[in-house]
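Heads up, the thing below is written out as C-alpha cells.
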C-alpha cells in the first residue's frame, strides 16, 4: 500500500508539472494513472478536477473536487477551486458556500476572501462583498483587483467617494489596469466632473493608444477633436460588451425610444399621404441599429418582412433569440443602406442616429433604401442650447445632440419631406430627463 501511495504521489507531481505547462493530454493520462494506483487520492482528485475544468468539462470537475473534499475536508485550496468551478457554472449560491468553507479552513488565505467578495457582488449583496474584500485587502494590500472589486461594491452601495478612492488605488498599483479607467471615468461622468473624467480618459489613451472607447470618451468629455460620428470600432466594442446586461441596465432609466418610434410609425401610416398610408401592414421594414431587438416585438405586427441591422454581433445574437426578425445583419448602417435600394417601406432608428453627429450620410442611405413615399422614423437627442451655431455636439455621455434647424435641412438635402417632429423625453440619465426629438419623414417621390 505504501508503494502505491508513493507511486501515486510521484504521478501527481508529474501531472501537476505537465498541467502547469499546459500539456493537458499528458497531464490527463498521469492523473488517471495516479487514481488507478490510489482511487481516493485527494490531491489527484482535486487537481484532476481543475484540469477537467480547464478542458471545459466543468460538471465532471465538480464531482472530482467534491470527492477530494470528502477525503480531505480541510483543504482550503480545494474549496477555493470548487467555488471557482461552481461560479463558472453560474451556481453562485453554491460557490459562495464553497468560498466560505475555504475562508473558514484558512482565514489568512487572501484569495478565499477575494473570491468570496467577487461572488457576493455577483449575488448582488454589495455590503457583504465589502466586508469580504476588506479582509482580502487587509491580508494582501498590494492587490489591485481587490481594490477594484471593492470600488464597484462601494459604488453599488452609493459610496461614490469610497469607490473613487478604490479605483484610484487600483490604478496607482497597476497603471495598465484598463477596466478601472472605464469605471472611474463613468463614475466621474455620473457626478458631472467632466474635466476629471477627461483626465482619466487621456491617461487611459496613453496606456492603450488603440482604445476606441478611450478616444471617443476623451473627445466627449473634453470637447476636443470631436469626430463627425462615433467610430464603428467604438460602437462595436461598447455594445458587444454591454449586450448581456443591456436591457437590464435600461430598466431603471425609463427608456422610451422603441415605444415612441412605434407610435410615430403607426401614426404616420394613418396620416401620411400616398400608398403607404392605406396599408394596415407594411411589406418590408428595416430596424436600423436594432440592438437586442427592443423594437422587434413592437414592429412585428405591422411588418410583413422585418429586417434588423446592427454593428454589434453580440447585440444581434440577443435579438436573434427573440425570434421577431425575418433577417438580421451585422453591418455598418451607412454601408448597408445603399446596398438595398428601394427595398423598404419604412426605416426606423431608435436611439441609433444619436451616434452620428453629421446626419447627411445615414439620411442619404435611408433615402436610397426606401421606396418612393416610404417612411423614416428616428429619435435624436435635442441640443439644449439652440442658440449655438453648431449643428450637433458630442455630449459628455458619448452620444450626439442635434439642433432642430439642422435636422430639417439635412432631411431636405437627403430627399425627405418632414411629416412630424415631436419633443419627447427619451430616458433619464444622472437623475435628469434626456430631451429628445421623434422625427417622421417621407421619402419624396422623384
Exclusive hit being touching a residue at least 24 places away in the same chain (Cβ under 8 Å) and not assigned by TED's automatic domain parsing to the domain that holds residue 351, set 208, 233 = 208
Scan of region 405-432 for residues that are buried (at least 17 other Cβ atoms within 10 Å of the Cβ) and assigned to a loop (DSSP other than H, G, I, E, B), ordered by number = 415
request  = Could you tell me whether any residue of region 367-384 is in contact with a strand residue (DSSP E or B) (Cβ under 9 Å, 6 or more places away or on another chain), without any contact (Cβ under 8 Å) to a residue 24 or more places away in the chain and either under 23 Å from residue 222 (Cβ atoms) or not in a loop (DSSP other than H, G, I, E, B) (or both)?
outcome  = yes
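Residue by residue, here is whether (1) modelled with pLDDT of 95 or more; (2) within 27 Å of the chain's Cα centre (by Cα); (3) farther than 29 Å from residue 160 by Cα; (4) assigned to a helix (DSSP H, G or I) holds:
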position	(1), (2), (3), (4)
19	no, no, yes, yes
27	no, no, yes, yes
32	no, no, yes, yes
48	no, no, yes, yes
78	yes, no, yes, yes
94	yes, yes, yes, yes
103	yes, no, no, yes
120	yes, yes, no, yes
127	yes, yes, no, yes
note = Selection over region 231-257 where residues are touching a strand residue (DSSP E or B) at 6+ places or on another chain (Cβ under 9 Å) and over 12 Å from residue 312 (Cβ atoms) yields a count of 7
request  = Output the number of the condition that residue 158 fails; it satisfies all remaining conditions of (1) assigned to a helix (DSSP H, G or I); (2) free of Cβ contacts under 8 Å to residues at least 12 places away in the same chain; (3) closer than 30 Å to residue 219 by Cα.
outcome  = (1)
key: Conditions (1) over 22 Å from the mean Cα position of the chain (by Cα); (2) buried (at least 17 other Cβ atoms within 10 Å of the Cβ); (3) without any contact (Cβ under 8 Å) to a residue 12 or more places away in the chain; number of the one not met by residue 139   = (3)
query = What's the number of the condition residue 373 fails, among (1) over 31 Å from the mean Cα position of the chain (by Cα); (2) crowded, with 20+ Cβ neighbours inside 10 Å?
reply = (2)
note = region 284-351: strands (runs of 3 or more DSSP E) wholly inside it with 1 or more residues that are buried (at least 24 other Cβ atoms within 10 Å of the Cβ), assigned by TED's automatic domain parsing to the domain that holds residue 414 and touching a helix residue (DSSP H, G or I) at 6+ places or on another chain (Cβ under 6 Å) are 303-310, 344-349
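The values are calculated or read from the model by the stated rules, or taken from the named source; none is laboratory data. Note that the coordinates shown come from a computational prediction; the quantities given were computed from them, not determined experimentally. Cβ: placed from backbone, ideal geometry, glycine included. Neighbour counts: every protein chain shown.
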